[in-house]
Protein chains: 2
Amino acid sequence: MHAEIVATGDEIRTGALIDSNSAHIADRLEEKGVAVTRHTCVGDDLDYLSAVFTEIGDRADVAVVTGGLGPTADDLTAEAAAKAAGVRLELDPSALHSVEAFFKSRQRTMNVASRKQAYLPAGAQCIRNPVGTAPGFYLKIGGCQFFCLPGVPAEMRKMLADAVLPQIIKRMGKNRLFYRNRTLSTFGLTESRTFERLAGFKKAFPQIPLGLQVQFPAILVKLYARGTQDEQLNEDLAAAVRWVTQKMGHYVLSQQGDPIEKVVGDLLKQKQASLALAESCTGGLIADMITNVSGSSAYFVFGGVSYSNQAKIDILRVSPEILERHGAVHAETAIEMARGARNISNATYGLSTSGIAGPTGGTKDKPVGTVCVGLATPKGASGHRFHFWFGSRSMHKQIFAAAALDVLRRELLGVDPPSL
Amino acid sequence: MHAEIVATGDEIRTGALIDSNSAHIADRLEEKGVAVTRHTCVGDDLDYLSAVFTEIGDRADVAVVTGGLGPTADDLTAEAAAKAAGVRLELDPSALHSVEAFFKSRQRTMNVASRKQAYLPAGAQCIRNPVGTAPGFYLKIGGCQFFCLPGVPAEMRKMLADAVLPQIIKRMGKNRLFYRNRTLSTFGLTESRTFERLAGFKKAFPQIPLGLQVQFPAILVKLYARGTQDEQLNEDLAAAVRWVTQKMGHYVLSQQGDPIEKVVGDLLKQKQASLALAESCTGGLIADMITNVSGSSAYFVFGGVSYSNQAKIDILRVSPEILERHGAVHAETAIEMARGARNISNATYGLSTSGIAGPTGGTKDKPVGTVCVGLATPKGASGHRFHFWFGSRSMHKQIFAAAALDVLRRELLGVDPPSL
């Protein structure tokens with residue numbers, strides 16, 4: 001079964017908006033064993049749109065279309081589908097009911113423009129929209145079954161999952177393939193080093209495609225398997241995950257693809273330990289990451305962002321002599337900051353960063369991209385210095401934060417600190 | 001002049017990767033007055049790829065293709081272009097030189113696989129790649145000039161700007177249109193309220209399309225103008241910006257589209273004032289935003305993330321009685337936190353947040369989505385309570401952070417606090 005995806009709208013066509021809907025739909029379809037052959041984006045133009053529908057009607061078995069179902073004059077998907085199918089638009093009672101129900105649920109009265117959304121191509125079936133005003137529909141054009149959904153991601157995703165995918169699976173019948181995937185998250189090796197480590201994978205698992213995806217600064221290892229035997233797929237994937245983990249060792253953050261802040265949080269919970277932060281160059285990013293994990297209040301007690309030296313001295317109790325002797329960016333200063341954060345908050349661990357995120361502030365000895373990480377534990381303290389060469393302040397902040405969390409993660413695992 | 005854009009690669013086709021290249025290219029082309037009519041994505045398949053090139057050769061004047069120029073067997077763009085143009089691949093001396101030069105500049109020896117990248121369709125012209133190994137090329141297929149670029153965004157962007165756009169502008173000759181746009185950033189009104197405020201725009205400026213783009217939690221108002229008279233466009237846009245600003249008042253953050261953290265930073269710099277933060281529910285996000293602005297060390301002195309009550313008492317010097325009486329999420333507690341942050345760091349302003357980002361922790365009186373903001377100034381202190389209804393912890397953190405910064409922004413402007 002071959003599928004195509006269409007994204008409509010001038011915002012996407014002109015580049016004002018990045019189309020993330022098509023990737024989501026492709027991912028879901030491929031997961032169900034449907035091969036996606038092409039994505040197309042066209043603007044809000046009746047002739048272009050209906051021409052694309054006609055073409056696809058000749059080429060594909062299934063098409064999923066997003067956008068152009070709203071109440072305004074430039075929402076043309078229903079009209080274009082009707083034109084391509086050679087039918088007229090008709091008021092669809094079920095679609096009208098869907099629009100009315102939405103307004104009723106919000107205790108608002110339906111405006112006249114919204115009534116337009118209930119006009120569907122003759123012969124189309126309505127797909128109800130439980131989240132927004134615009135109903136979708138499905139319709140055969142040429143040899144292809146079209147599913148037309150709204151462009152608002154939350155609405156599209158819900159309708160795709162609830163109404164479209166089940167229908168497509170039913171249509172596949174006995175030809176159905178099972179699709180399973182697994183994602184491991186890793187940190188600390190470049191993409192090409194990761195490739196080198198995993199060089200023998202293709203030979204060991206010829207039936208499992210492996211892909212690397214950069215989710216800066218982490219690298220995700222993605223394993224895909226497709227076949228008719230569901231159980232066999234799961235066993236094969238489990239063996240592949242073990243193989244990758246054995247080759248990559250502690251560079252693997254999580255066999256479930258978790259981000260480093262979640263992995264560190266889980267380790268802290270296991271140890272019933274708590275964490276305090278003293279951030280300089282990362283400017284609160286580590287605290288933000290840590291607190292993005294629901295339940296982080298169980299182990300995260302305090303984070304101090306000390307941009308000024310005076311704040312380092314007054315609040316984190318860094319000794320003025322050490323600041324004077326080594327400067328703000330130094331392993332010894334980082335250790336003092338980590339100790340200070342740990343002491344003032346009675347946390348099990350104190351973690352700190354001090355560095356130069358750029359674009360300015362670098363020196364010959366401490367160029368932009370330098371970061372010092374301090375870690376204070378119940379047993380003592382350690383300082384670490386790393387250097388990165390990325391182009392932007394925000395990339396530096398991100399990799400500094402990940403490097404600091406990796407120092408803590410490896411301490412919690414009882415293994416050597418990272419060499420980055 | 002009509003242009004099409006093609007993104008190649010199985011990662012994009014299957015949805016493993018979101019295609020951001022096409023939006024970038026569309027934006028650049030439209031900016032130069034080239035109308036983009038369609039984007040297409042196909043996978044690493046020679047037949048599909050060459051079929052798409054042939055189709056576009058019949059339809060468009062210009063096409064920009066990304067991806068498939070690498071050294072591996074699934075990089076098929078050159079072969080597919082040759083097939084569609086009915087020519088053979090040939091070793092291109094200029095492309096070979098480009099690849100060799102890259103390896104030399106990195107003091108690495110060129111591997112055999114990389115030599116493949118120097119084979120271009122006969123008659124194609126090489127586009128040198130100053131940033132990576134894969135050279136691009138341009139070639140006529142049917143009636144359309146194709147420009148094929150690598151898929152790595154940094155390489156593609158550089159080659160597009162340096163080599164492709166100048167050629168396209170040259171080809172447009174006297175038909176050239178000028179394109180100008182302006183973006184205003186706003187905060188505090190919903191999308192539909194913003195629409196209502198700007199209802200008369202179309203009548204006042206029929207020649208300037210206006211679009212709203214949600215950059216959560218901000219809303220961007222985008223104004224576009226296209227014409228043959230560059231100066232007139234700038235004047236028209238300036239008048240439109242004034243009109244929008246007059247209608248939206250202090251909901252406009254910036255006439256340059258700046259984010260709120262940059263706007264607040266600029267106001268603090270103007271006043272030679274400094275800022276300290278005490279964050280609870282926003283967990284360091286405000287500090288992270290503030291420090292994403294280069295030069296923020298001039299006004300940002302300290303941020304404390306106090307997730308635990310003990311840290312609020314010990315470090316931010318919040319009175320235990322107030323915590324006991326009102327709880328952590330209360331305007332009075334927020335005021336105490338803001339005062340504490342201001343006092344311990346000697347900052348001009350102290351700003352605080354305390355609330356419930358969710359998904360758990362809500363009560364009947366203080367449901368998930370409640371945030372209290374405290375602001376301490378040289379003249380006194382104020383507390384503010386807001387409630388939002390978003391679906392996720394991270395959206396709540398983002399809008400809490402923006403609401404707090406908006407309290408400070410309006411104080412710095414000397415206008416009423418936000419009503420959200």
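The values are calculated or read from the model by the stated rules, or taken from the named source; none is laboratory data. Model, not experiment: these values are computed from the prediction. So basically every Cβ, Gly included, is an ideal-geometry build from the backbone, and we count neighbours across all protein chains shown. Accessible surface areas use protein heavy atoms only, side chains included; no ligands, DNA or RNA. Shrake-Rupley method; radii C 1.70, N 1.55, O 1.52, S 1.80 Å.
Taking the numbered list (1) modelled with pLDDT of 90 or more; (2) among the aliphatic types (A, V, I, L, M); (3) over 28 Å from A:I399 (Cβ atoms) in turn, B:L212 passes all entries but (1). In segment B:74-87, the residues that are surrounded by 21 or more Cβ atoms within 10 Å (Cβ to Cβ) reach residues that are part of a helix (DSSP H, G or I) and of a type in the set (S, T, Y) with C-beta atoms within less than 7 angstrom, at least six apart or across chains, in these pairs: B:A80/B:S50; B:K83/B:S50; B:A84/B:S50; B:A84/B:T54.
Residue count for segment A:34-43 under the criterion of being open to solvent by 10 Å² or more (accessible area, probe 1.4 Å) and either more than 7 Å from chain B (Cβ to nearest Cβ) or in a helix (DSSP H, G or I) (or both): the result is 1. Scanning segment B:18-33 for residues that are more than 7 Å from every other protein chain (Cβ to nearest Cβ) and farther than 18 Å from B:G136 by Cβ turns up B:E31, B:K32, B:G33. Looking for something outside any helix (DSSP H, G or I), open to solvent by 40 Å² or more (accessible area, probe 1.4 Å), in contact with a strand residue (DSSP E or B) (Cβ under 6 Å, 6 or more places away or on another chain) and over 29 Å from B:E336 (Cβ atoms) - is there at least one such residue anywhere in segment B:286-301? No. Checking every residue in segment B:237-259 against the condition of being within 14 Å of chain A (Cβ to nearest Cβ) and in contact (Cβ under 8 Å) with a residue 24 or more places away in the chain gives at least one match.
Listed by position, the helices (runs of 4 or more DSSP H) inside segment B:64-130 whose residues that are modelled with pLDDT of 90 or more and under 27 Å from B:L17 (Cα atoms) number at least 3 are B:77-85. Between B:A403, B:A334, B:A341, the distinction of being open to solvent by less than 10 Å² (accessible area, probe 1.4 Å), within 30 Å of A:R106 (Cα to Cα), in contact (Cβ under 8 Å) with a residue 24 or more places away in the chain and hydrophobic (A, V, I, L, M, F, W, C) belongs to B:A403 only.
Considering segment B:272-285, and only residues there that are within 7 Å of chain A (Cβ to nearest Cβ) and open to solvent by less than 10 Å² (accessible area, probe 1.4 Å), the residue that is farthest from the chain's Cα centre (by Cα) turns out to be B:G283.
One line per residue, one yes/no per condition, for (1) hydrophobic (A, V, I, L, M, F, W, C); (2) under 22 Å from B:G362 (Cβ atoms); (3) more than 7 Å from every other protein chain (Cβ to nearest Cβ):
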site: B:D288; (1), (2), (3): no, no, no
site: B:T291; (1), (2), (3): no, no, no
site: B:F302; (1), (2), (3): yes, no, no
site: B:Y307; (1), (2), (3): no, yes, no
site: B:D314; (1), (2), (3): no, no, no
site: B:R317; (1), (2), (3): no, no, yes
site: B:E324; (1), (2), (3): no, yes, yes
site: B:A328; (1), (2), (3): yes, yes, yes
site: B:E332; (1), (2), (3): no, yes, yes
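Here is a yes/no grid of residues against (1) touching a Gly at 6+ places or on another chain (Cβ under 7 Å); (2) touching a residue at least 24 places away in the same chain (Cβ under 8 Å):
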site: A:A7; (1), (2): yes, yes
site: A:A23; (1), (2): yes, no
site: A:R28; (1), (2): no, yes
site: A:G33; (1), (2): no, yes
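Given the options B:A381, B:A404, name the one that is at pLDDT 95 or above, farther than 19 Å from B:I260 by Cβ and aliphatic (A, V, I, L, M). Every option except B:A381 fails the conditions.
A single entry from A:G327, A:G369, A:G380, A:G362 fulfils the requirement of being under 27 Å from the mean Cα position of the chain (by Cα), surrounded by fewer than 24 Cβ atoms within 10 Å (Cβ to Cβ) and not acidic (D, E): A:G369. Going by what's in this entry, would A:F390 be described as open to solvent by 10 Å² or more (accessible area, probe 1.4 Å), of a type in the set (A, V, I, L, M, F, W, C) and in a strand (DSSP E or B)? Taking the combined requirement at face value, the residue does not satisfy it.
Looking for something open to solvent by less than 30 Å² (accessible area, probe 1.4 Å), under 18 Å from A:V152 (Cα atoms), aliphatic (A, V, I, L, M) and in a loop (DSSP other than H, G, I, E, B) - is there at least one such residue anywhere in segment A:3-17? Yes.
Restricted to segment B:142-216, the set of strands (runs of 3 or more DSSP E) holding at least 2 residues that are open to solvent by 40 Å² or more (accessible area, probe 1.4 Å) comprises B:178-186, B:210-215.
Residues are listed down the side, and each one gets a yes or a no for (1) over 32 Å from the mean Cα position of the chain (by Cα); (2) hydrophobic (A, V, I, L, M, F, W, C):
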{"site": "A:V42", "(1), (2)": "no, yes"}
{"site": "A:L49", "(1), (2)": "no, yes"}
{"site": "A:D74", "(1), (2)": "no, no"}
{"site": "A:A113", "(1), (2)": "yes, yes"}
{"site": "A:K116", "(1), (2)": "yes, no"}
